[in-house]
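Peer 1: Sharing a structure, written as structure tokens. Questions coming.
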Amino acid sequence: MVHWSRLVFLVSALCAFQALWVSGAQAERRLALIVGIDQYDNLDNLQKAGNDARSVSTTLEQLGFVVTTLIDVDRRKLGRSIASFSSSIQPGDEVVFFFAGHGVELDGRNYLLPADVPKAEPGEEEFLKLESIAANDLSPLFKSQGARVSVLIIDACRENPFPKQGTRSLGGQGGLARMDPAEGAFILFSAASGQLALDRLSNADPNPNSVFTRALLPRLRQPGLQVHDLVRQVRQDVRKMAGSVNHNQFPAYYDQLAGAFSFNPGAAGAAVPAVVPVQPPAVVTPINPCDAARADWQILQTTNSTGALEQFAQQHQSCPIYVAAAQDRLASLRAAEPAPQPVQPTPQVIQPAPVIAGGASLCERLWYERNLIYHNRGYCFQTSRAKAVFDTSQCSTRAPSLTAAELSEVERLKAAEKANGC
């Protein structure tokens, strides 16, 4: 009896230790598989899916996720990556899957289309299913591997990429169908069932992200924002942006979460288990190293003080895009020192800079600096104005990949153009 009691005690202690260990592992594991497909072999190409995937990947990495990113992948690589990703899931993990690209609804189920999906005609639905990824199977797959939470974000609610033939069509014509997630899963679509998601607001829309993703990104970063509140705010933002061009787009979600989930728990996150070393409170640093530079530049971008600009460039060496802007401003000021321009009385609006080489006005300069970012990334300009300024003989893409810092600089330049009535 003594030995049996001792054995029971040891087994109980071991189980308690395993429970603590598993609890600690659960708190640490946050995984994400991000897919963006612009370049299709047999379908119309997209412009912003790759940028959307890169932007979401960068954001989730900054929030502590272990991220796998796939761009323009074929069926075999996409299927193998999903299988590898799901097999890496451990009980208690939090899992995110993001897909931007073409999708189609077939017989009430949704299929995500890889880059090499073949052309298909009405009557070849079963063939197309075999050549695609069944989105409806993903949340049950992640659940079977033990995921505590699985969040699927799908921006594939675009027009059916397969042309209609007479009165016959392959797949639904109005976006994707509703989905029933597995227990513990949350699914977010960029548009409601039957709606089409906007890739851009117009052909002149310079934003590198789709309407849905540009609304999603800042909400992912917001500390303590629960996923249900995130979706509510994203839906409002998307509806407002789409409504500005008389389009109806209202993201849909399907919820089987059993508890709370936040992409960025922040100060409101769950307590770290005792088995994990608790880090002492520290000053929160900006997620993007250019955040501090951007804030300072809003104040200094119209300054005529060369000393202030020199100090700015020294302090923000980790953000080259703003250092370059400061150096450009310095060069303009020094070139104009014999005839300095008077300071205008309204500091809220960017004041006209001194005339630069070639006699360019402020509007021309802002336009040039914004488009230079795209030119340096190999963008193939289409307008006669841009072709007259930039050499497009070596251009390589209509959808250049910009860094987060470059994207921020493009937005700043656009705002400056608008503020100055360009």
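Peer 1: Which count do you get for residues in the stretch 368-409 that are over 29 Å from Thr59 (Cβ atoms), open to solvent by 30 Å² or more (accessible area, probe 1.4 Å) and of a type in the set (A, V, I, L, M, F, W, C)?
Peer 2: Result for the stretch 368-409: 2.
Peer 1: Still on this structure: Going through the stretch 374-396 one residue at a time, which ones are assigned to a loop (DSSP other than H, G, I, E, B) and out of contact with any Lys or Arg (no Cβ under 7 Å at 6 or more places or on another chain)?
Peer 2: Within the stretch 374-396, the subset assigned to a loop (DSSP other than H, G, I, E, B) is 377-378, 380-383, 390-396.
Arg377, Gly378, Gln382, Thr383, Phe390, Asp391, Thr392, Ser393, Gln394, Cys395, Ser396, listed by residue number.
Peer 1: Now for a separate question. What number of residues within the stretch 185-199 satisfy the criterion of being surrounded by fewer than 21 Cβ atoms within 10 Å (Cβ to Cβ) and either at pLDDT below 80 or within 23 Å of Lys143 (Cβ to Cβ) (or both)?
Peer 2: Number satisfying all stated conditions: 2.
Peer 1: Next question. Could you give me the residue pairs with C-beta distances under 7 Å whose first residue belongs to the stretch 45-62 and is within 20 Å of Val95 (Cβ to Cβ), whose second residue is among the charged types (D, E, K, R) wherever it lies, and which are 6+ apart or on separate chains?
Peer 2: That search, which allows pairs on different chains as well, returns Asp52/Asp155; Thr59/Arg221.
Peer 1: If Lys143 passes every condition in (1) under 19 Å from Asp255 (Cα atoms); (2) within 21 Å of the chain's Cα centre (by Cα) but one, which one does it miss?
Peer 2: The single condition Lys143 does not satisfy is (2).
Peer 1: Name the single residue that is modelled with the highest pLDDT among those in the stretch 225-272 being polar (S, T, N, Q), under 28 Å from Leu201 (Cα atoms) and open to solvent by less than 40 Å² (accessible area, probe 1.4 Å).
Peer 2: Across the stretch 225-272, the extreme among qualifying residues is Gln233.
The values are calculated or read from the model by the stated rules, or taken from the named source; none is laboratory data. Owing to the predicted nature of the structure, the values given are computational and were not obtained by experimental measurement. Virtual Cβ from ideal backbone geometry, glycine too; neighbours counted across all protein chains shown. Note: accessible area is taken over every heavy atom of the protein model, side chains too, but ligands, DNA and RNA are not part of it. Shrake-Rupley method; radii C 1.70, N 1.55, O 1.52, S 1.80 Å.
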